[in-house]
Amino acid sequence: MKFQLESHNRNVPDQDLIDDLKRVAKILHKDKVTIDEYNEHGNYHNTTLSRRFGSWFNSLEKAELKKTRVLNITNEQLFENLAETWTNLGRQPKYNDLTKDVSKYSSGTYEKRFGGWRKALEAFVAWVNDGEMPTVETNKKSARTKRTSRNVNWRLRAMVLMKDGAQCKLCGASPQNGAKLHVDHITPWSKGGETVSENLQILCETCNVGKSNIEV
């Protein structure tokens, strides 16, 4: 077995990059190519083209292909996807982690929206930390308590995930060793526990089922 470096693409002619993008479109029988599709079938990486031509959309334009941007994706949808990816990985996602197998959107989508991958992560953390968390309010006229929803929204889920380090609070299991994580009410919602950060924790599926079995 020989060890060898991957080919350096800095000196590849512009036309070779464009021709390769056209080739991918041809084998897919499409008039547009997404970043994920190109990374799967292309001879180079999308960042090679984006850096050479200024952006992925400029690359598509050079190849006379249609743009692939989905304009109606909201920042919250991007952040929810990032929270889910973070949960599934059990750690902070890296640029190359966002493949179609684990993420709805490519890292390039975040890069374009926020001006860089690091800036996207910073915006995500700010979104989690700056959001208003649910509080329990008392209706003085009726003397009844207005409860929080049982459902854990994505912002709160992300906050608990980062608070608990993306691992089970009882056994320490994480997705890196095959665990599936859940957000659990410490005091069950059915028994008056509220959906607030202080009453939520990360449990693996095994511990979560076990906890349910011993509740009375």
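Any read-out appearing in this document is the output of simple, stated calculations on the displayed coordinates, not a laboratory observation. The shown structure was predicted, so the numbers you read here are calculated from the model rather than taken from an experiment. A quick note on method: Cβ atoms are made from the backbone with ideal geometry, for glycine too, and the neighbour counts reach across all protein chains shown.
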May I ask you to sort ILE35, ILE186, ILE27, ILE18 by Cβ crowding, counting other Cβ atoms within 10 Å and putting the fewest first? ILE27, ILE186, ILE18, ILE35
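State the extension gain, in nm to one decimal, for the chain segment bounded by LYS180 and ASN129, taking 0.36 nm per residue of separation less the distance between their alpha-carbons. List each step's numbers first, then the result.
Details: separation 51, 0.36 × 51 = 18.36 nm, distance 2.42 nm.
Gain on extension, LYS180 to ASN129, equals 15.9 nm.
Give me the tail of P(r) for the range 75-130 as a percent: Cα-Cα pairs with distance above 18 Å. Walk me through the numbers before you get to the answer.
Numbers: 286 of 1540 pairs.
Counting pairs separated by more than 18 Å, the tail of P(r) holds 19 percent.
Please identify every one of the chymotrypsin sites (Phe, Trp or Tyr not before Pro) in the range 18-94 that sits in a loop by DSSP and has no more than 11 other beta carbons within 10 Å of its own beta carbon.
Working: sites: TYR38, TYR44, PHE53, TRP56, PHE57, PHE79, TRP86; in loops: TYR44.
Those that pass, being in a loop and sparsely packed, number zero.
Give, rounded to the nearest 20 debye, the magnitude of the charge dipole that the range 20-65 has about its Cα centre when Lys and Arg contribute +1 at Cβ and Asp and Glu contribute -1 at Cβ.
That gives a dipole near 160 debye.
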If contacts are Cα pairs under 8 angstrom and at least 6 residues apart, what is the relative contact order of the range 149-214 in percent? 36
